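Here is the structure we will look at.
The values are calculated or read from the model by the stated rules, or taken from the named source; none is laboratory data. For clarity, every value in this text was computed on a predicted model and none was experimentally measured. Here Cβ is always computed from backbone atoms with ideal geometry, including for glycine, and neighbour counts include all displayed protein chains.
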């Protein structure tokens, strides 16, 4: 599976961020505590969930874990990843 873009909304340090990815190797560069590892782990988890046929379960779990406040709507605060080009 190839990712063409990744978008994060209210996910850890990202309020609203979109990254367009290119074919091949993409490099994340930034200072400490800017979200590089969070972005990589989110992409890895999403791809693994798709590979194992657990995509819907993944979205439910992510939306429960990464909400900034309890009263916010779950899916609007989940990681918004776009795996298909």
Taking only the range 18-29 into account, find how many residues are surrounded by fewer than 14 Cβ atoms within 10 Å (Cβ to Cβ) and within 22 Å of residue 62 (Cβ to Cβ).
4
Given (1) modelled with pLDDT under 85; (2) closer than 13 Å to residue 10 by Cβ; (3) touching a strand residue (DSSP E or B) at 6+ places or on another chain (Cβ under 7 Å), identify the lone condition not met by residue 46.
(2)
Residue ID - modelled with the lowest pLDDT, chosen from residues in the range 61-70 that are out of contact with any helix residue (DSSP H, G or I) (no Cβ under 8 Å at 6 or more places or on another chain) and in a helix (DSSP H, G or I):
65
Are there any pairs with C-beta distances below 9 angstrom linking a residue in the range 20-49 that is without any contact (Cβ under 8 Å) to a residue 12 or more places away in the chain to a residue that is in a loop (DSSP other than H, G, I, E, B) and surrounded by fewer than 15 Cβ atoms within 10 Å (Cβ to Cβ), with the two at least 6 apart or on different chains, and if so which?
22/4; 36/28; 36/29; 36/30; 37/28; 48/54
Tell me, which residue of the range 15-26 that is under 16 Å from the mean Cα position of the chain (by Cα) and part of a loop (DSSP other than H, G, I, E, B) is farthest from residue 2 (Cα to Cα)?
26
